[in-house]
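Input: a single structure, listed below in structure tokens.
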């Protein structure tokens, strides 16, 4: 994967596991070059964007935004800079400015799948469910799109957050079919199946990716515990619960376990 394109916004809320956060990254790519050999201003914009991307990947959104603005001062039509600008502004909590930047990037490069995926995920974070879905559907409709599993996963998670459980199941099943070893898709699909009253199938999703409590994070352990609880396997619940308490004593999932809130 090339190295410096704007990545997707990190996920929070439902199934905010490390695996899911990584799976939702919108593939990185080197700053796009113009068709012709870049002139001095374009080379300056590309260099600034590469630096901005490095800052953003290190979690320094404010510094990244300063570098992006320098890139745009050199080349105001540099679409990848507008895309990264949107991500940085979203990270800093400026939703209105972020939306405007994403829309500017897409006006300049309508076919940029990473930008459209990230815009869809941004809209999901803003709970703009229908608009978010429309962006993901446009990405998925692009001929030859190679990251369909990633966008289907993001779409499925957004549908979960919107309470559209049947639609979420369909999206996540498609993501899992495209990438059978994708643990993030399996976990998300297991969550949906549990919610829809199919704990056996949810358990099957964990088995499909060789779920191991010793390597799981708090959200995944809590999901496994809730599945075992629904299946009536108390011994398994206790085993997973010990792992959760030992490794994540302060996690909200541990509190939910201790309070017996298995059906929240």
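The values are calculated or read from the model by the stated rules, or taken from the named source; none is laboratory data. This is a predicted model, so every value here is computed, not measured. As a convention, Cβ positions derive from the backbone with ideal geometry for all residues, glycine included, and neighbour counts pool all protein chains shown.
Only residues that are closer than 14 Å to residue 106 by Cα, crowded, with 17+ Cβ neighbours inside 10 Å and touching a residue at least 24 places away in the same chain (Cβ under 8 Å) were counted across segment 59-85, and they come to 7. Within segment 220-231, the residues that satisfy the criterion of being in a helix (DSSP H, G or I) and surrounded by fewer than 21 Cβ atoms within 10 Å (Cβ to Cβ) are 229, 230. Does residue 264 meet the test of being farther than 30 Å from residue 146 by Cα, within 25 Å of the chain's Cα centre (by Cα) and at pLDDT below 95? Yes; evaluated as a whole, the condition is true for this residue. So residue 165 fits all but one of (1) surrounded by fewer than 24 Cβ atoms within 10 Å (Cβ to Cβ); (2) closer than 21 Å to residue 141 by Cα; what number is the exception? With respect to (1) surrounded by fewer than 24 Cβ atoms within 10 Å (Cβ to Cβ); (2) closer than 21 Å to residue 141 by Cα, residue 165 is out only on (2). No other residue among 56, 122 is over 19 Å from residue 157 (Cα atoms), surrounded by 20 or more Cβ atoms within 10 Å (Cβ to Cβ) and in contact (Cβ under 8 Å) with a residue 40 or more places away in the chain apart from 56. Counting only helices (runs of 4 or more DSSP H) that fall entirely inside segment 119-212 and contain at least 2 residues that are more than 15 Å from the chain's Cα centre (by Cα), the qualifying elements are 129-140, 165-178, 183-195, 199-208. Residue 154 meets each of the listed conditions (1) in contact (Cβ under 8 Å) with a residue 60 or more places away in the chain; (2) surrounded by fewer than 24 Cβ atoms within 10 Å (Cβ to Cβ) apart from (2).
Residue-by-condition table, conditions (1) surrounded by fewer than 15 Cβ atoms within 10 Å (Cβ to Cβ); (2) at positive phi; (3) at pLDDT 90 or above; (4) part of a helix (DSSP H, G or I):
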position	(1), (2), (3), (4)
4	no, no, no, no
14	no, no, no, no
34	yes, no, no, no
89	no, no, yes, yes
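Among (1) under 26 Å from the mean Cα position of the chain (by Cα); (2) surrounded by 16 or more Cβ atoms within 10 Å (Cβ to Cβ), which single condition is residue 241 missing? All conditions pass for residue 241, except number (1).
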